[in-house]
Structure formats: structure tokens, C-alpha cells
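The values are calculated or read from the model by the stated rules, or taken from the named source; none is laboratory data. None of these values were measured; they are calculated from a predicted model. Using ideal geometry, Cβ is built from the backbone for each residue, glycine included, and neighbour counts are taken over all protein chains shown.
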Amino acid sequence: MRYTAAEHDAFASDFNRDSLVVLKNHFPRDKLGRWREAFQPLLEAQMQIDRDDPNRGAQRFYVTLPFQGLFADPQIYEDADVLAIVERVAGPDPVLCQLATDTPLRGSDYQKWHADTPPLFPETRSNDTPSFQIAVNFALCDVGDDNGPFETTHGTHRMNRQDAVDGIASGAIPCHRYLMAMGDVMIRDVRAVHRGTPNSTDEPRPMVVLGYSRRWLHRPEVQIRVPQSSWDRLSPTGKRLLRFNPVVPDDQVATPTESYRAFAY
Ligand SMILES: O=C(O)CCC(=O)C(=O)O
């Protein structure tokens, strides 16, 4: 663990105000370089599947990662600092339910400003609750101005989405562009209004997303298919985090297409 309990508290307080925090240089770059190599064939396969209907906008692909081999890495999904912050903002005993990537390529565009989940209680028109769904993002390359930096807004995670979108349009709500080095880790509330931006380079910009939720939240649109042999090797923490995911025979790990796009909001 790199940070003290007091530092975790400070991160949680910044998160609650802004909707996100970034842990600089947190994951080892050599490990992420190996993820990138293993990811490339998965991206190419997804591009074939989605070639007539890119699933997150033009030349932008959502690819689920298999929970096996180097992608089933407890040093990533059980990271003690990340879990300490997630537990402070989304409560104890969270669940891990998503392991995937977002990748814009050359030809990608600005996405519409959006949130990744609808409000819990839409009939109130208020989104002002504590956090319940968290994305932990890290890129498999350095992200600069020209290869699709993530843009987001501060504080909109607790706002009505349309009010946030109107505020962005009028200039009342500033937009923040996050340039992230490979190894930086962003922890964000998925309700904050954000968008992907164009990648104008020839290299893909893969961004991993680990989805953690409050202990009672079930997200039917995503899952991690845990091969039996990976399950058998999990630590008690890993078993607890992954408790609501299907454990499948090793030869049935391939993920049926996830309907993630239906939930962007
Ligand atoms: O990849 C990104 O930078 C953002 C993607 C995104 O927000 C989405 O596809 O919902």
C-alpha cells in the first residue's frame, strides 16, 4: 500500500467533491505494456465483430477482457489503495463486476456528453446520493492531447444529467481534459457527465475499466465470467469481490456480447 489511511480519506473527500481522483504512477508500466500486447488480438477480433456498427461510436470499441492469464491479476483488481478509496466512497464489501476496455482509433469522434448509468431514482429528478457505481480506469499507453484523452466535469455526479449537459453547453460547467501517463489510475463515479474524444494517431488508445459497485448493486449489463481454474486460485479478497459473477468451465470463458451500450445515458 502506497498511501496512509489519512491520504485515503483525502482522496475520498476529493472524489466526493469532484467525482474522481487520479493516483499518479500507480501501476507498473512494464506490466501494462504486457497487457497491451495481449490486448491487441482481442481488439482486432472485436473490430471484425463490430465492423458495421462500432459499439461506442465511430472507430471506438468496447472490448471485454477474459478473466484469465495476465488479465486476472490480483495486483490490479485487489490493489489495496484503490480498494481503500472505493470502500470509502461506495461503502464496505464492494463487488467487482466488469473488466473491459474502451479504445478509440483514428477516425473516432467526440462522443455526446453522457453518464454511464441512469439515476437510481429517476422520478425524483435528483441524482444527489452517495456513489454506488465506480469505474477504475487506466490506459495501456500514454494519453496526450492527440490520442483520445478523457474529458469530464467535476461535481456533476450528483446532478440531474440534463442540467449538467445544459451547464456544459452554456459554459457554466467547465470541462476538464485528463492527460494520463501509462500507470496513472483514475477512480471515478460513472454518473459524472463525460465524453470520449478523437484519437487522431495511428495507435489505438486502450483504456481499461474495472467496474466496482456498492455491495447491493447488481448490474445485469456486465459480468466477469470467472473460469473455474481462476476461481480456485483466488484469494479470499478476490472471491469476495467476484462473488456475484458466474464461475464457468475453463473452455467456456468466451464472453457473450455484452449489452453495455444500452446503459450509457
Ligand atoms: O474512452 C473514453 O475516453 C471514454 C469512453 C466513454 O465514455 C464511453 O464509451 O462511454
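Summary of values
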| quantity | calculated |
| --- | --- |
| Flag if residue 120 is without any contact (Cβ under 8 Å) to a residue 40 or more places away in the chain and within 22 Å of residue 18 (Cα to Cα) | yes |
| Criterion (modelled with pLDDT under 95, on the phi < 0 side of the Ramachandran plot and not basic (Lys, Arg)) met by exactly one of 203, 258 | 258 |
| Of all residues making up region 107-144, the number that are among the aliphatic types (A, V, I, L, M) and part of a loop (DSSP other than H, G, I, E, B) | 4 |
| Those residues of region 25-71 which are closer than 26 Å to residue 229 by Cα, among the polar types (S, T, N, Q) and within 16 Å of the ligand (Cβ to nearest atom), in sequence order | 46, 64 |
| Matching residues, region 238-259, being buried (at least 22 other Cβ atoms within 10 Å of the Cβ) and part of a helix (DSSP H, G or I) | 241 |
| Failed item in (1) crowded, with 18+ Cβ neighbours inside 10 Å; (2) among the polar types (S, T, N, Q); (3) away from the ligand (no atom under 12 Å from the Cβ); (4) closer than 24 Å to residue 176 by Cβ, with residue 129 passing the rest | (1) |
| Any hit, region 102-113, residues being closer than 27 Å to residue 28 by Cβ, within 14 Å of the chain's Cα centre (by Cα), more than 13 Å from the ligand (Cβ to nearest atom) and of a type outside the set (Lys, Arg) | no |
| Single residue of 171, 183, 155, 148 found to be within 16 Å of the ligand (Cβ to nearest atom) and at positive phi | 148 |
| Lone qualifier among 90, 6 - being among the small types (Gly, Ala, Ser), buried (at least 19 other Cβ atoms within 10 Å of the Cβ) and either modelled with pLDDT of 95 or more or within 17 Å of residue 183 (Cβ to Cβ) (or both) | 90 |
